[in-house]
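Take a look at the structure below.
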Ligand code: FES
């Protein structure tokens with residue numbers, strides 16, 4: 001996984017402001033370039049903050065600046081920590097469910113729960129161990145009793161693992177989610193089915209600030225099918241795969257969550273807006289293929305090899 005871990009300390013060595021698990025800070029990476037990153041903890045550590053930044057293929061400068069321009073010893077302006085992700089350290093039991101780089105705030109929470117000796121389970125879903133931040137650490141004996149690593153699962157495997165993870169919630173238990181939107185929707189659906197009260201479900205969507213704007217994400221696009229010579233209109237908010245099916249185009253799928261790669265299709269023209277967790281960063285940068293189950297377009301028109 002293309003993740004860079006940063007340790008941020010004050011130049012004068014003084015302690016940093018305290019924060020609660022789930023908090024994030026603004027990093028001022030360049031004039032006009034401010035990005036939020038979750039603090040990974042441990043929350044008691046006041047000498048430095050830790051953040052983990054995944055290089056986003058569609059970076060509008062934030063993650064790219066972190067990966068390519070920052071060097072050890074650089075001076076960076078940051079905000080005080082802020083927290084929009086409620087955390088209940090005293091809950092009788094906690095279940096934390098992370099997808100991809102969504103592990104960062106949940107790792108901080110898990111560290112705190114461990115520190116205060118509260119029971120919890122951390123479930124971490126990623127395409128593979130190589131794509132999972134902190135995988136080595138979470139696979140260590142210290143974490144093995146609480147951390148459950150789920151790598152390379154298709155949709156039914158993911159759903160089965162979630163059914164088990166979310167079964168029989170203890171009264172007062174808290175559920176925490178962070179990851180891509182499609183993954184979060186699946187977790188929330190299964191949590192509701194398994195009897196988790198809405199008020200006990202706490203979530204933070206994986207930050208999409210470096211991908212397409214909301215307007216780009218929701219607008220209508222056109223897809224030309226090069227081999228068939230057809231053109232399909234994909235309305236705002238409709239997945240490309242659904243629009244293709246309605247037009248009678250058969251494409252094999254499995255997870256429909258951007259995880260398995262079954263639906264990956266060659267792109268002949270246009271720029272995809274990648275939302276999947278399957279393609280490598282290089283493949284996303286090349287833009288010559290895309291997972292049509294979840295990804296959209298940064299251009300109003302795509303030409304697919306179909
Ligand atoms: S069907 Fe699995 S990535 Fe699209």
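The values are calculated or read from the model by the stated rules, or taken from the named source; none is laboratory data. This one's a predicted model, so the numbers in the text were calculated from it and none came from an experiment. Here Cβ is always computed from backbone atoms with ideal geometry, including for glycine, and neighbour counts include all displayed protein chains.
Side notes on the structure shown:
- For region 119-134, residues that are at pLDDT below 95, crowded, with 19+ Cβ neighbours inside 10 Å and either more than 18 Å from the chain's Cα centre (by Cα) or under 16 Å from residue 52 (Cβ atoms) (or both) total 5.
- Qualifying residue in region 40-55 (condition: without any contact (Cβ under 8 Å) to a residue 40 or more places away in the chain and in contact with a strand residue (DSSP E or B) (Cβ under 8 Å, 6 or more places away or on another chain)): no
- Residue that is farthest from the ligand (Cβ to nearest atom) [pool: residues in region 243-253 that are loosely packed, with under 15 Cβ neighbours inside 10 Å and closer than 14 Å to residue 223 by Cα]: 248
- Test: residue 166 is at pLDDT 95 or above, surrounded by 15 or more Cβ atoms within 10 Å (Cβ to Cβ) and away from the ligand (no atom under 16 Å from the Cβ): yes
- All positions within region 101-112 that are at pLDDT 90 or above and either surrounded by fewer than 16 Cβ atoms within 10 Å (Cβ to Cβ) or under 15 Å from the mean Cα position of the chain (by Cα) (or both): 102, 103, 104, 105, 106, 107
- For region 268-286, a residue qualifies if it is within 15 Å of residue 305 (Cβ to Cβ), more than 14 Å from the ligand (Cβ to nearest atom) and crowded, with 18+ Cβ neighbours inside 10 Å, and exactly one does: 270.
- The listed residue being in contact with a strand residue (DSSP E or B) (Cβ under 8 Å, 6 or more places away or on another chain) and part of a loop (DSSP other than H, G, I, E, B), out of 71, 88: 88
- Checked against the criterion of being at pLDDT 90 or above and touching a helix residue (DSSP H, G or I) at 6+ places or on another chain (Cβ under 7 Å), region 207-216 contains not a single residue that satisfies it.
- Residue count for region 223-250, restricted to those that are in a loop (DSSP other than H, G, I, E, B) and in contact (Cβ under 8 Å) with a residue 24 or more places away in the chain: 5.
- Across region 219-236, the qualifying residues are those that are under 14 Å from residue 295 (Cα atoms) and in contact with a helix residue (DSSP H, G or I) (Cβ under 6 Å, 6 or more places away or on another chain), and the one among them that is nearest to the ligand (Cβ to nearest atom) is 234.
- Top-ranked residue of region 254-267 - restricted to ones that are at pLDDT 80 or above and surrounded by 15 or more Cβ atoms within 10 Å (Cβ to Cβ), ranked as nearest to residue 184 (Cα to Cα): 261
- Residues satisfying the stated conditions in region 11-39, i.e. out of contact with any helix residue (DSSP H, G or I) (no Cβ under 7 Å at 6 or more places or on another chain), assigned to a loop (DSSP other than H, G, I, E, B) and surrounded by 13 or more Cβ atoms within 10 Å (Cβ to Cβ): 16, 19, 20, 23
- Pairing residues of region 254-277 that are free of Cβ contacts under 8 Å to residues at least 40 places away in the same chain and farther than 25 Å from residue 102 by Cα with residues that are more than 6 Å from the ligand (Cβ to nearest atom) and part of a loop (DSSP other than H, G, I, E, B), at Cβ distances under 7 Å and at least 6 apart in sequence or on separate chains, gives 266/288; 266/305; 267/287; 267/288; 270/299; 271/287; 271/298; 271/299.
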